[in-house]
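One structure is given here, and the rest of the page talks about it.
Just so you know, all these numbers are worked out from the coordinates, no wet-lab data involved. Owing to the predicted nature of the structure, the values given are computational and were not obtained by experimental measurement. Quick reminder, even Gly has a Cβ in these numbers, built from the backbone with ideal geometry, and neighbours come from all protein chains shown.
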Amino acid sequence: MNSEIGTWGERAPKLVLVLTMGRVGSSSVYRSIPDVPGLGKFHVHSINVKTLTRQVVRHGSLEASPRSVRDGIGALQAILRHAGPVHVVSLVREPVSRDISAAFASLRANRRIEELGGIVEDPEQVKAFWVSFRRGRAFTWFDEEIRDVLGIDVYDSPVSPEGWQVMSNDRFRLLVMRSELGAEAQAKILSDFLGFEAFPLKRVNDQGSAPRVAALYQRFKENLTLGEAVLAEYRNSRYARHFYPAG
């Protein structure tokens with residue numbers, strides 16, 4: 001075991017946040033963490049007060065806000081109550097694939113399956129939606145949610161050849177790993193970081209959970225053509241160069 005990671009008995013972490021941008025496979029990681037007595041755990045996409053406040057204002061009240069917003073506020077409250085180190089787990093995903101997945105999830109939201117099918121079968125409608133979609137979330141997410149809130153800049157530390165990194169300060173211990181890692185590798189890295197006995201990773205794929213939705217997602221990808229300028233923007237981003245260096 002990596003000496004920096006420690007063991008459950010030595011570290012005794014009792015609060016774990018799976019804090020990630022959307023569409024990176026975080027549900028699998030969160031659901032795989034064993035429910036150890038005394039361990040609090042959250043699965044959230046934001047704990048930035050400004051971001052959460054904007055969402056609450058947008059929806060009119062906390063009660064009317066999405067569960068992700070309410071859980072984010074709950075996680076913030078848990079951090080304030082917790083005296084020991086807070087363990088934070090985050091994931092990264094190759095940015096083009098992440099944004100395509102996020103775009104389809106956005107397109108799918110609040111649409112009947114028949115309407116969704118009509119859009120994804122038409123390359124012009126797919127192109128129009130992609131142009132209007134807010135791309136590049138991965139480029140800023142770690143600054144807004146990790147650097148500005150936790151005080152840890154992921155770009156200050158290299159990613160291991162295996163595709164993960166651990167950083168810490170006086171309050172937080174952060175693990176970042178690539179979602180493309182195999183289930184066995186992810187489970188080993190995660191269990192070592194938390195100091196648990198080895199446990200399996202439970203794969204969850206809500207994008208393709210139903211065969212018909214999976215087929216529509218495939219058609220969306222087939223009818224989405226990205227130009228070289230767009231691909232170059234992803235390829236040359238600080239995010240891609242740090243987490244997915246060429247070669």
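Can you give the helix-only mean residue ellipticity at 222 nm for the chain, where every DSSP H stretch with n ≥ 4 adds -39500 (n - 2.57) and the sum goes over all residues, rounded to the nearest 500 deg cm²/dmol?
Per the formula, -13000 deg cm²/dmol.
One equal scatterer on each Cα of the chain, no solvent, Debye formula: the resulting log10 I(q)/I(0) at q = 0.16 Å⁻¹ is -1.29.
Under 13 Å of direct C-alpha separation, and excluding same-chain neighbours fewer than eight residues apart, Lys127 reaches these aspartates and glutamates: Glu222. Put a plus charge on the Cβ of each Lys and Arg, a minus charge on the Cβ of each Asp and Glu, and nothing anywhere else: the dipole of the chain about its Cα centre is then about 520 debye. Neighbour counts of other Cβ atoms within 10 Å put Arg54, Arg134 in the fewest-to-most order Arg134, Arg54.
Which entries of Lys41/Lys202; Lys41/Lys221; Lys14/Lys188; Lys41/Lys188 show an alpha-carbon separation above 26 angstrom in the structure shown? Flagged as over cut-off: Lys41/Lys221.
What FRET efficiency comes out for Leu231 versus Glu121 if R0 is 22 angstrom and r is the Cβ-Cβ distance? Round to the nearest 0.05.
Values: r = 24 Å, r/R0 = 1.09.
Calculated value: 0.35.
Stretched out straight at 0.36 nm per residue, the stretch from Asp153 to Glu63 would grow longer than its current Cα-Cα span by 29.1 nm.
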